[in-house]
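Below: the structure, in structure tokens.
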Amino acid sequence: MAYQSKLKLHEFSPREVKLAITGFGGAQKDQVARMIQMLFPGLPQPKTHDVTDAVAVSLCGLWHKPLVTL
């Protein structure tokens, strides 16, 4: 599907995501979740780490490469 839409995919290891978000590649999931809560104080407290993991991966992608202007 991504290929058909000509989208580029980027993969990040858990260590890369944790390093980008917390500054420490060996951070625990609750440390990542706390940092996401600090960055987005209005975000409701999620019941699982799935939400904060998804936000963390998205931020890692945004911060990893400079934005391209068209």
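Screening SER13, SER5 for residues that are among the hydroxyl-bearing types (Ser, Thr, Tyr) and under 14 Å from the mean Cα position of the chain (by Cα) leaves exactly one candidate, SER13. Residues considered: VAL17, VAL57, VAL68. Of these, the only one that is out of contact with any Phe, Trp or Tyr (no Cβ under 7 Å at 6 or more places or on another chain), modelled with pLDDT of 90 or more and among the β-branched types (Val, Ile, Thr) is VAL17.
The values are calculated or read from the model by the stated rules, or taken from the named source; none is laboratory data. Here the structure is a predicted model, which is why all the values come from computation and not from measurement. All Cβ positions, even for glycine, are placed from backbone atoms using ideal geometry, and neighbour counts span all protein chains on display.
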